[in-house]
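In what follows, a structure is listed as structure tokens, so that the remarks can point back to it.
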Amino acid sequence: MSTEVVATAAISAEQPQSPSAPTQQNTVTKVNLLGMSRPQLEQFFEDIGEKKFRAGQVMKWIHQFFVTDFAEMTNISGKLREKLEKLCEIKAPEVVHKNYSKDGTRKWVFRVGEGDGSLVETVLIPAEHRSGLRRTLCISSQVGCALDCSFCSTGKQGFQRDLTPDEIIGQLWVANYSYMEDVPVADRERSVTNVVMMGMGEPLLNYDAVLSSMRIMLDDFAYGMSKRRVTLSTSGVVPKIDQLVKDIDVALAISLHAPNDELRNELVPINKKYPLAQLIAACQRYIAKDGNESSRKHVTIEYVMLDGVNDHPEHAQQMIKLLKNLPSKINLIPFNPFPHAPYGRSSRNRILSFQKTLSDAGFVCTIRQTRGDDIDAACGQLVGQVADRTRRAEQWKKKVAQQNEIMRSQG
């Protein structure tokens, strides 16, 4: 918000018009403080005639004590609280559905606009770790996705719009708050330990909002997360990977899913624009910058296992060759089918054999445990029930039906 707009809002809030004065628009759009970084909040407070140190105080109330009522912010003067109440709000996206899995996974559906197509989902996955209980939150960055990866249900919903910083950080706020709704304010603690920008959308195609949100995640006045515990996952937008190096230090994950360009062009169409040689080179540059930083010691490689498509022994050998000069950890992901998907999940034995080949070559290679699939929260199932606004899903179903008909006719 500009200084002029803030100042005008402040004047109208502090100096009510006389009843005899001409009627003007008396509804002031409140400023949502939830998605503001500390520098933005500092500027906001200076613009309304307050000291900028108030930004840190308010950030702690919002992101560490999960307070949305200014009246509860006891270390702020009553006069300032009244001003903030008139000018501002602290508002997360509306939760229209939530479901908790029997394995501890939690899923929320948020409404971020009008209509059934303006929904995004967020998934929290708990896991035991040597350092204690880990709660990893998978956050969405866009409504739908424009990349249309062939194995991903989200891509079949099409793309509607980018999320704003308050809609992105609001997912983290809601997930934390879900563990402390009944906990007294003074006893509240941040519960989410890890964040992965791996939900709906391609984070690097909503760069500014995602960058601002991750800075809030790392800020000690907000969530104070370690840079090793904030991961951005991309399908390979090469120029933005290079820009990310300059702007923030977080962990990087690559949605690879194929070890050669021909197959990856089919599975991950953005590969046609940024082929594997360019992508791997960008990853190497990302690690080389400030190479001693713990969050940049390696890149995580995500690889969905598709039965008979990318799970053959030669694919594992191609992976070894592709990644030989890139410090990386490989995460094999069993495919989670969605309606009309043309793929199946690789067998357990095929996945184990693939893992062994990579491990024997010296790679750290793990198999992701499928979690939350009883509530459609597993990888690739996000927003499986969202209304399709682009007819892409309808066209996809028609294409699959045609392929099935051809196969039947061929006996």
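The values are calculated or read from the model by the stated rules, or taken from the named source; none is laboratory data. Since the model is a prediction, treat every value here as computed from it, not as a measurement. Backbone-built Cβ (ideal geometry, glycine too); neighbour counts: all protein chains shown.
Looking for something touching a Phe, Trp or Tyr at 6+ places or on another chain (Cβ under 6 Å) and either modelled with pLDDT of 85 or more or not in a helix (DSSP H, G or I) (or both) - is there at least one such residue anywhere in the range 124-136?
no
Name the single residue, out of those in the range 110-126 being farther than 16 Å from Asp166 by Cβ and without any contact (Cβ under 8 Å) to a residue 60 or more places away in the chain, that is surrounded by the fewest Cβ atoms within 10 Å (Cβ to Cβ).
The residue in question is Glu114.
When Asp182 is evaluated against the numbered criteria (1) within 28 Å of Phe45 (Cα to Cα); (2) without any contact (Cβ under 8 Å) to a residue 12 or more places away in the chain; (3) not β-branched (Val, Ile, Thr); (4) not in a helix (DSSP H, G or I), which criterion, by number, is the only one it fails?
All conditions pass for Asp182, except number (1).
Could you run through the range 200-225 and say how many residues are more than 14 Å from the chain's Cα centre (by Cα) and on the phi > 0 side of the Ramachandran plot?
1
Taking the range 330-349 only, how many residues are free of Cβ contacts under 8 Å to residues at least 60 places away in the same chain and over 25 Å from the mean Cα position of the chain (by Cα)?
Summing the residues that are free of Cβ contacts under 8 Å to residues at least 60 places away in the same chain and over 25 Å from the mean Cα position of the chain (by Cα) in the range 330-349 gives 5.
One residue is enough: does the range 325-343 have a residue meeting the conditions of a type in the set (A, V, I, L, M, F, W, C) and over 29 Å from Tyr286 (Cβ atoms)?
Yes, there is a match, as at least one residue in the range 325-343 is of a type in the set (A, V, I, L, M, F, W, C) and over 29 Å from Tyr286 (Cβ atoms).
Condition check ((1) among the small types (Gly, Ala, Ser); (2) more than 15 Å from the chain's Cα centre (by Cα)) across all residues:
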| position | (1), (2) |
| --- | --- |
| Ile90 | no, yes |
| Tyr100 | no, yes |
| Val109 | no, no |
| Val123 | no, no |
| Arg130 | no, yes |
| Asp166 | no, no |
| Ser178 | yes, yes |
| Asp187 | no, yes |
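Do we have any residue at all in the range 257-269 that's in contact with a Lys or Arg (Cβ under 9 Å, 6 or more places away or on another chain), of a type in the set (A, V, I, L, M, F, W, C) and either crowded, with 20+ Cβ neighbours inside 10 Å or within 30 Å of Asn310 (Cα to Cα) (or both)?
Yes.
Let's see how each residue does on (1) of a type in the set (A, V, I, L, M, F, W, C); (2) closer than 25 Å to Thr193 by Cβ; (3) in contact (Cβ under 8 Å) with a residue 60 or more places away in the chain:
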{"site": "Ser233", "(1), (2), (3)": "no, yes, yes"}
{"site": "Asn265", "(1), (2), (3)": "no, no, no"}
{"site": "Glu302", "(1), (2), (3)": "no, yes, yes"}
{"site": "Leu306", "(1), (2), (3)": "yes, no, yes"}
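Keeping to the range 218-236, report how many residues are hydrophobic (A, V, I, L, M, F, W, C) and touching a Lys or Arg at 6+ places or on another chain (Cβ under 9 Å).
4
Each row is one residue, and each column tells you yes or no for (1) out of contact with any strand residue (DSSP E or B) (no Cβ under 6 Å at 6 or more places or on another chain); (2) over 23 Å from Glu121 (Cβ atoms); (3) crowded, with 22+ Cβ neighbours inside 10 Å.
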| position | (1), (2), (3) |
| --- | --- |
| Ala146 | no, no, no |
| Arg161 | no, no, no |
| Trp173 | yes, no, yes |
| Tyr179 | yes, no, no |
| Val185 | yes, yes, no |
| Leu204 | no, no, yes |
| Leu232 | no, no, yes |
| Val250 | no, no, yes |
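Mind checking whether some residue in the range 373-390 is assigned to a helix (DSSP H, G or I) and either modelled with pLDDT of 95 or more or among the β-branched types (Val, Ile, Thr) (or both)?
Looking through the range 373-390, at least one residue is assigned to a helix (DSSP H, G or I) and either modelled with pLDDT of 95 or more or among the β-branched types (Val, Ile, Thr) (or both).
What is the residue count in the range 61-82 for residues that are assigned to a helix (DSSP H, G or I) and either surrounded by fewer than 20 Cβ atoms within 10 Å (Cβ to Cβ) or acidic (Asp, Glu) (or both)?
Residues in the range 61-82 being assigned to a helix (DSSP H, G or I) and either surrounded by fewer than 20 Cβ atoms within 10 Å (Cβ to Cβ) or acidic (Asp, Glu) (or both): 7 in total.
Just the residues that are part of a helix (DSSP H, G or I) and of a type outside the set (S, T, N, Q), please, taken from the range 212-227.
Within the range 212-227, Met214, Arg215, Ile216, Met217, Leu218, Lys227 qualify.
Any residue at all in the range 50-71 that's touching a Ser or Thr at 6+ places or on another chain (Cβ under 8 Å), modelled with pLDDT of 95 or more and closer than 17 Å to Asp166 by Cβ?
yes
Would you tally the residues in the range 187-211 being in a helix (DSSP H, G or I), of a type in the set (A, V, I, L, M) and touching a residue at least 60 places away in the same chain (Cβ under 8 Å)?
3
Give just the number: which of (1) modelled with pLDDT of 90 or more; (2) within 22 Å of Arg106 (Cβ to Cβ); (3) buried (at least 21 other Cβ atoms within 10 Å of the Cβ) does Gln157 not satisfy?
All conditions pass for Gln157, except number (1).
Looking only at the range 139-158, how many residues end up being touching a helix residue (DSSP H, G or I) at 6+ places or on another chain (Cβ under 9 Å) and not in a loop (DSSP other than H, G, I, E, B)?
Total meeting the criteria: 6.
Return the residues of the range 234-248 that are among the basic types (Lys, Arg) and buried (at least 17 other Cβ atoms within 10 Å of the Cβ); say none if nothing qualifies.
Lys240, the sole residue that qualifies.
Quick check on Lys86: is it assigned to a loop (DSSP other than H, G, I, E, B) and surrounded by fewer than 19 Cβ atoms within 10 Å (Cβ to Cβ)?
Spelling it out, it is not the case that Lys86 is assigned to a loop (DSSP other than H, G, I, E, B) and surrounded by fewer than 19 Cβ atoms within 10 Å (Cβ to Cβ).
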